[in-house]
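As structure tokens, the structure follows; a few thoughts come after it.
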Amino acid sequence: MPAEFPDFRLGSVLATSFTGTLSERYGNPVERIPTPQRLVDWLAVNGLAVASCTSAQLELARELRESIHAAATAAAMQEALPASPVRVINDRSAQGRAAAVLTPDGSRRWQLSSPSSVEDALGVIAADAISIIAGERDGRLALCASPTCRAAFFDTSQSRTRKWCDMNTCGNRQKKARFIAKQRTNPEPAK
Ligand SMILES: [Zn+2]
């Protein structure tokens, strides 16, 4: 993996892992799929291997990503869903031709049409977003408490009190910031 590309954040929920390929939307945004090849890599890691990706397909993917982000944010805030992002999500979902197939060991895998296309993969992601935003799955849509992030994430914790989109980045940073602030107010070491 070339060092100049930011790492992927891996999550258990496909749609919000996808929106997490852009992070720090309200700070210094980090684009984790800067090239078509990086989208191919991301899809492969998430069980949606495709043969190739063009710049136009990458644009389509980013449009879907920001549409999911907008619709999921509205849903998390219990606001009306924005019309144009919903249209994009529905279009991508309708144009995908992936099929769910059962593997011999009893798990679900996505079979993309042949030759497997980015459009099929985006259809799977769009359908995943729809199931979350529609409230069909066990969990709660919430917004990351980090003011520079505000990513919509899907909280499946028992208590539904998760605050950060990602414990290793946003959660950790916040913990460190609190620690530093505490050090400033109490410069003397505790006795
Ligand atoms: Zn976050």
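Read the figures in this text as sums done on the coordinates, not as results from a lab. Every value quoted in this text rests on a predicted model; they were computed, and no experiment measured them. In this analysis, Cβ positions are derived from the backbone assuming ideal geometry, glycine residues included, and neighbour counts consider all displayed protein chains.
Quick one: which of A80, A99 is out of contact with any strand residue (DSSP E or B) (no Cβ under 9 Å at 6 or more places or on another chain) and surrounded by fewer than 20 Cβ atoms within 10 Å (Cβ to Cβ)? Just a single option satisfies the conditions, and that option is A80. Look at L81 and say whether it is farther than 15 Å from S12 by Cβ, more than 16 Å from the ligand (Cβ to nearest atom) and without any contact (Cβ under 8 Å) to a residue 12 or more places away in the chain. Against the criterion (farther than 15 Å from S12 by Cβ, more than 16 Å from the ligand (Cβ to nearest atom) and without any contact (Cβ under 8 Å) to a residue 12 or more places away in the chain), L81 does not qualify. What residue, among those in region 162-180 that are closer than 21 Å to L14 by Cβ and part of a loop (DSSP other than H, G, I, E, B), is farthest from the ligand (Cβ to nearest atom)? The qualifying residue farthest from the ligand (Cβ to nearest atom) is R162. Just one of the listed residues (I68, I125) is within 16 Å of the ligand (Cβ to nearest atom), at negative phi, crowded, with 20+ Cβ neighbours inside 10 Å and not hydroxyl-bearing (S, T, Y), and it is I68.
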